[in-house]
């Protein structure tokens, strides 16, 4: 076995990362003692007869345990289940057809992307679409109970354009809507929950017209006007009538009590199928809202024209069918 003298990246590693690295390598060696695994930076080198040497990074599972600390054991097991597939050679060809049916859009804090790229923890993601100042949409694969981001190196190996890949990811995500629960709430809006892990909620942010369609379907009496939107977790969001800021905040407090750290504490304004503002302060018992425009972050509605794939709004698609 190659000498495991710590490299430069290992020497500068925080105690938390070092403990996570040691724990993950220990679990892999206990379960798969036959594989050739050598620590390298915040991860390891995995040698495989078919694929040669693979550099495996642990940045994503580590960050997920930081952002969703209520269930670290499940996060680790999800990642390990994906690594078992890699070790078994089930990702041998890496072609697009092997992941086509498992490719989704996933919503995550932009902080995840910034931390990964700034720490050189993984190759830059091929597709990252900021939808609010603190949240972005990514391509991700959901296989064997594990979520994996599509890195630039993998995307380039497919030799496909962003529009085609995004179209597949979006349409897979919309199909996952069958697993989505939509309930009306006292605040004059809807509570959206998904059982499809990290997939379903993302299409509501990538194309906010989907949110308008849900409002029309479930609370038609309140379908005209502005709404407040909270994205508490990757699989849960709440839409409340304009002015019901307290109801949104109660929802967020409940989520903290149940799940721990929120994905986003911000509250956004939905108007006519577009996310247009962020609520920055409240005046007068929550009845008057002072908003900060998303133009401040360059996220104006016209930016929709830059999307690599522009789906028709659900009511437009149905009228053409």
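Is there any pair with a first residue in the stretch 79-98 that is assigned by TED's automatic domain parsing to the domain that holds residue 32 and farther than 18 Å from residue 59 by Cα and a second that is assigned to a helix (DSSP H, G or I) and modelled with pLDDT under 75 whose Cβ atoms are under 6 Å apart and which are 6 or more apart or on different chains, and what are they?
Hits for this filter: zero, empty list.
Looking at the stretch 255-263, can you tell me whether even one residue there is crowded, with 18+ Cβ neighbours inside 10 Å, free of Cβ contacts under 8 Å to residues at least 24 places away in the same chain and not in a strand (DSSP E or B)?
Yes, that holds for at least one residue.
For the stretch 92-108, what are the residues that are at pLDDT 85 or above and under 15 Å from the mean Cα position of the chain (by Cα)?
102, 103, 104, 105, 106, 107
Quick test of your reading of the structure: residue 241 fulfils all but one of (1) in contact (Cβ under 8 Å) with a residue 40 or more places away in the chain; (2) more than 28 Å from residue 311 (Cα to Cα). Name the failing condition by number.
Only one criterion is unmet by residue 241, namely (2).
Okay, residues lined up against (1) part of a loop (DSSP other than H, G, I, E, B); (2) surrounded by fewer than 23 Cβ atoms within 10 Å (Cβ to Cβ):
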{"position": "193", "(1), (2)": "no, yes"}
{"position": "203", "(1), (2)": "no, no"}
{"position": "227", "(1), (2)": "no, no"}
{"position": "240", "(1), (2)": "no, no"}
{"position": "265", "(1), (2)": "yes, yes"}
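Quick one: which residue in 20, 44 is modelled with pLDDT of 85 or more, over 24 Å from residue 106 (Cβ atoms) and either outside the structural domain of residue 257 (by TED's automatic domain parsing) or in contact with a helix residue (DSSP H, G or I) (Cβ under 7 Å, 6 or more places away or on another chain) (or both)? Can you show your working first?
Values: 20 fails: over 24 Å from residue 106 (Cβ atoms).
Just one listed residue meets the conditions, 44.
Determine if the stretch 176-189 includes at least one residue that is in a strand (DSSP E or B), at pLDDT below 85 and surrounded by fewer than 20 Cβ atoms within 10 Å (Cβ to Cβ).
Quick first cut of the stretch 176-189, residues in a strand (DSSP E or B) only: 180-185, 189.
Among the residues that remain, those that are also at pLDDT below 85 are: 180.
Adding the requirement that they be surrounded by fewer than 20 Cβ atoms within 10 Å (Cβ to Cβ) leaves 180.
Scanning the stretch 176-189, I find at least one residue that is in a strand (DSSP E or B), at pLDDT below 85 and surrounded by fewer than 20 Cβ atoms within 10 Å (Cβ to Cβ), so the answer is yes.
Hey, does the stretch 245-252 have a residue that's crowded, with 19+ Cβ neighbours inside 10 Å, over 22 Å from the mean Cα position of the chain (by Cα) and over 21 Å from residue 179 (Cβ atoms)?
There is at least one residue in the stretch 245-252 that is crowded, with 19+ Cβ neighbours inside 10 Å, over 22 Å from the mean Cα position of the chain (by Cα) and over 21 Å from residue 179 (Cβ atoms).
The values are calculated or read from the model by the stated rules, or taken from the named source; none is laboratory data. Keep in mind the model is a prediction, meaning the values are calculated, not measured. Cβ atoms come from the backbone with ideal geometry, glycine included; neighbour counts cover every protein chain shown.
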